[in-house]
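Worksheet for the structure shown next.
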Amino acid sequence: MNAVIPTRARRTTSLLPVSILLVVLLPLLLMPLASIFIFAGRGGLASFLDALIQPDAQFALRFSLLIAFATALVNAGLGTYTAYVLSKYRFRGREALNVIVNLPVAIPTVVVGTSLLLLWGPIGLLGQLLEPLGLQPMFTPVGVLLAHLFVTFPYMLGAVKPVLDELESTYEEAAYTIGASRWQTFRFVILPALRGGLFSGTLLTFAHSLGEFGATVLVSGNLRLRTQTAPLYIFAQFEAGNIETANAVAAVLATLSFVLFFVLLQVTQRQTERTG
Amino acid sequence: MVKSGKFFRKRSMRFHAQRLPYGLINWHLLLRRTVFWLALISLGLYALWPWLPGTQAARTRTIVVYGFSILGEVMNEGIFPAFQADWEVQTGEKVEFISSFAGSGTITNQIILGVPAEVAILSLELDALRLVDKRVLPGSIWRDLPHAGVLNRTPFIILVRLGNPKNITDFADLAQPGVGVVHPDPLTSGGAQWAILAEYGSSLRRTGDEAVAFEQLLGIWKNVVAQAASARAARTQFENGFGDVLITYEQEALYDLARARLKAQIVYPHSTILSEHTVVVIPKNIRPEQRELVDAFVAFLWSEPAQRIFVEYGFRSTEEELNASNPNFGVIPEPFTVSNLGGWPQAKRQIIETIWKERVLPEIGR
């Protein structure tokens, strides 16, 4: 394993390119992020906490977390199942399906919001049928969840399917030969191999759901204390000129994302170390 | 942090390589897993807290209110708490307000799409008429409310930078070259439509000449440097340093003035429009058991205590005598309302559609 570690001979020459990179990255990425925290600290801890304990802010954070948990949970199951079917079964239209399930990555989230409204909204295709029954998924937490499931669908798939594709089929075949059922093979042979992918996929889904804005703003109705997620709250407060309030929640959201990202980094590193 | 992680990992891998004797525990891995799961569980608990059994306060009743942008503070800080106190004294019930504030056009579109608004306060009657068009309302039912549904008023004024460096005294000056105007977007903002009527109507009233009025409107729109989705968003843009002037509700400026944080100066035009804000009750979103509560809230809006709160927050009350209590209201020699322009349907058709959309916009190339 030691042989994999790159030699340090070229280290001395790297000073210039690294400084150029830093100069570029500083105003592009680092300073905007830092300004959130600098601004949050400027009013003092008391006013920062004061902004955070507002009932609307608390609700928005909690609601966002709940939606993110639910999204991660549903898509972890659904995404893994999709990856399994697409990877292990051969059928006509598999390629097309593969493209379709990855489509949400390419579609602007605002378009996702619009399309959901045009399907489930009161003027939508299915919404019109639901309306007489008194069912109305849009502008409720269900609508927000639907939007987040749509937008984050490919992340689970992207984390799990490559692992499944790479997985040696000999293990499965061995399992079948000793009489294991499909489910048993999945549970005891495939699932353990998927653990890392499942974990990072779920985390990615969670993180993306936490920050989702474009689709949510359309389908949620932006009701405070009911369907307002944390990003929507930040936007609404910022637009209303309450920059401190907006920024306090933004700082919390940014910190959460940092932590998530750090955990994700650790997991993926461990995975590559294990497999490599 | 990454470094220390690597260090630990290397060590734990070494343990692996040595094949841990049975019974020996990999403390580091255990610690890391415990921390992770504890963090996850506490995050989940935090998120679920208000919905956990036992933590929930006695069930409260709710009213869903959508309002146009500048109403945010007065409703959240003034009207809602006042009504909550009032209702609790009367009935012993707690009421919670579920609210959303955005551009008048935005909330109107949301209501058409089906958000569960029980009461909406729109910047202009035109948006209420759109709700009738889209069959959300069975007819012009807001006209049965006090003052034909008009909750309060506020004139359109010009906000300039401190010291008035561009020497703005009236709408006509905004058409001078070199003046940067921040304007809300008429597509989504009710305030923007009022502003157009003010820009055109003030000149029309002074000169009586449609050509002169058109020139003034065109001149101002040639100077528009930023368009925001709502009056409130336009103010935020102006505060962030965009442009030289902002055309907005007097209330916006007075609210800041009363809190000694107005970093701009108000210029009162000789003649300007008084915007009239319309309350709309949406029957199809009101369940029968909600009716009484919603009606009580709507009646409360025109009560003296409520109207006093509006005045305190810089809105001009429909009860003229209450307005004396706010010394900050400026003098406008020649105010007018939309009825002077023939009412909203006509003003929309003749001024906003025919003049602004079909003549001004093409001329400025938008």
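The values are calculated or read from the model by the stated rules, or taken from the named source; none is laboratory data. Everything numeric in this text was worked out from a predicted model, so none of it was measured. All Cβ positions, glycine included, derive from the backbone under ideal geometry; neighbour counts span all protein chains shown. Note: areas computed on protein heavy atoms with side chains; ligands, DNA, RNA excluded. Shrake-Rupley method; radii C 1.70, N 1.55, O 1.52, S 1.80 Å.
A few remarks follow.
- In segment A:240-253, the residues that are assigned to a loop (DSSP other than H, G, I, E, B) form Cβ pairs under 6 Å with partners that are modelled with pLDDT of 85 or more and surrounded by fewer than 21 Cβ atoms within 10 Å (Cβ to Cβ), at six or more places apart or across chains, as follows: A:GLY241/B:THR236.
- Subset of segment A:218-234 [open to solvent by less than 30 Å² (accessible area, probe 1.4 Å) and within 22 Å of the chain's Cα centre (by Cα)]: A:VAL219, A:SER220, A:GLY221, A:ASN222, A:THR227, A:GLN228, A:THR229, A:ALA230, A:PRO231, A:LEU232, A:TYR233
- Index of the failed condition, A:THR71 passing every other in (1) over 24 Å from A:GLY201 (Cβ atoms); (2) surrounded by 20 or more Cβ atoms within 10 Å (Cβ to Cβ): (1)
- When segment B:242-269 is limited to residues that are without any contact (Cβ under 8 Å) to a residue 24 or more places away in the chain and within 13 Å of chain A (Cβ to nearest Cβ), the one that is nearest to B:THR108 (Cα to Cα) turns out to be B:ASP256.
- Scanning segment A:186-197 for residues that are within 10 Å of A:VAL163 (Cα to Cα) and open to solvent by less than 40 Å² (accessible area, probe 1.4 Å) turns up A:ILE190, A:LEU194, A:GLY196, A:GLY197.
- A single entry from B:PRO305, B:PRO283 fulfils the requirement of being touching a helix residue (DSSP H, G or I) at 6+ places or on another chain (Cβ under 8 Å), open to solvent by 40 Å² or more (accessible area, probe 1.4 Å), touching a residue at least 60 places away in the same chain (Cβ under 8 Å) and under 20 Å from B:SER325 (Cβ atoms): B:PRO305.
- Index of the failed condition, A:ARG224 passing every other in (1) without any contact (Cβ under 8 Å) to a residue 40 or more places away in the chain; (2) not in a helix (DSSP H, G or I): (1)
- Test: residue in segment A:49-66 that is open to solvent by 80 Å² or more (accessible area, probe 1.4 Å), closer than 30 Å to B:GLU73 by Cβ and outside any helix (DSSP H, G or I): yes
- Every residue from segment B:160-193 that is under 23 Å from B:ILE107 (Cβ atoms) and surrounded by 24 or more Cβ atoms within 10 Å (Cβ to Cβ): B:VAL182, B:HIS183, B:PRO184, B:SER189, B:GLY190, B:GLY191, B:ALA192, B:GLN193
- Exactly one residue among B:LEU262, B:LEU254 is farther than 15 Å from B:HIS183 by Cβ and open to solvent by 10 Å² or more (accessible area, probe 1.4 Å), and that residue is B:LEU262.
- Residue within segment A:180-190 that is in contact with a Phe, Trp or Tyr (Cβ under 6 Å, 6 or more places away or on another chain), of a type outside the set (S, T, N, Q) and at pLDDT below 90 present: yes
- Qualifying residue in segment B:93-104 (condition: part of a helix (DSSP H, G or I), within 12 Å of another protein chain (Cβ to nearest Cβ), touching a Ser or Thr at 6+ places or on another chain (Cβ under 8 Å) and of a type in the set (Ser, Thr, Tyr)): no
- Filtered residues of segment A:74-107 (kept if touching a helix residue (DSSP H, G or I) at 6+ places or on another chain (Cβ under 7 Å) and open to solvent by 80 Å² or more (accessible area, probe 1.4 Å)): A:VAL105
- Residue ID - farthest from B:SER275 (Cα to Cα), chosen from residues in segment B:137-164 that are charged (D, E, K, R) and touching a residue at least 40 places away in the same chain (Cβ under 8 Å): B:ARG161
- In segment B:105-126, the residues that are away from every other protein chain (no Cβ under 14 Å) and over 14 Å from the mean Cα position of the chain (by Cα): B:GLU125, B:LEU126
- Here A:LEU30 meets each of (1) open to solvent by 40 Å² or more (accessible area, probe 1.4 Å); (2) within 30 Å of A:GLY143 (Cβ to Cβ); (3) more than 14 Å from chain B (Cβ to nearest Cβ) with one exception, condition (2).
- When segment B:73-119 is filtered for residues that are farther than 17 Å from B:VAL298 by Cα, among the β-branched types (Val, Ile, Thr) and touching a helix residue (DSSP H, G or I) at 6+ places or on another chain (Cβ under 6 Å), only B:THR108 remains.
- The numbered conditions (1) open to solvent by 10 Å² or more (accessible area, probe 1.4 Å); (2) out of contact with any strand residue (DSSP E or B) (no Cβ under 7 Å at 6 or more places or on another chain) are all true for B:GLN227 except (2).
- Qualifying residue in segment A:235-251 (condition: open to solvent by 40 Å² or more (accessible area, probe 1.4 Å), closer than 30 Å to A:LEU119 by Cβ, more than 14 Å from chain B (Cβ to nearest Cβ) and under 23 Å from the mean Cα position of the chain (by Cα)): no
- Residue within segment B:228-249 that is at pLDDT below 90, of a type outside the set (Asp, Glu), outside any helix (DSSP H, G or I) and more than 30 Å from A:GLN237 (Cβ to Cβ) present: no
- Residue satisfying condition, being over 28 Å from B:ASN323 (Cα atoms), open to solvent by less than 10 Å² (accessible area, probe 1.4 Å) and not charged (D, E, K, R), within set B:ILE157, B:ILE196, B:ILE220: B:ILE220
- The selection criterion, being modelled with pLDDT of 85 or more and among the basic types (Lys, Arg), holds for A:ARG195.
- A count restricted to segment B:82-135 and to residues that are among the acidic types (Asp, Glu), open to solvent by 30 Å² or more (accessible area, probe 1.4 Å) and in contact (Cβ under 8 Å) with a residue 24 or more places away in the chain stands at 4.
- Filter result (surrounded by fewer than 15 Cβ atoms within 10 Å (Cβ to Cβ) and not aliphatic (A, V, I, L, M)) within segment B:330-349: B:GLY330, B:PRO333, B:GLU334, B:SER339, B:GLY342, B:GLY343, B:PRO345, B:GLN346, B:ARG349
- The condition of being among the aliphatic types (A, V, I, L, M) and either surrounded by 10 or more Cβ atoms within 10 Å (Cβ to Cβ) or at pLDDT 65 or above (or both) does not hold for B:ALA17.
- Helices (runs of 4 or more DSSP H) contained entirely in segment A:112-209, each with at least 3 residues that are more than 14 Å from every other protein chain (Cβ to nearest Cβ) and in contact with a His (Cβ under 8 Å, 6 or more places away or on another chain): A:141-166
- Entry remark, segment A:108-145: residues being among the aliphatic types (A, V, I, L, M), open to solvent by 50 Å² or more (accessible area, probe 1.4 Å) and either within 10 Å of A:VAL219 (Cβ to Cβ) or without any contact (Cβ under 8 Å) to a residue 60 or more places away in the chain (or both) number 10 in total.
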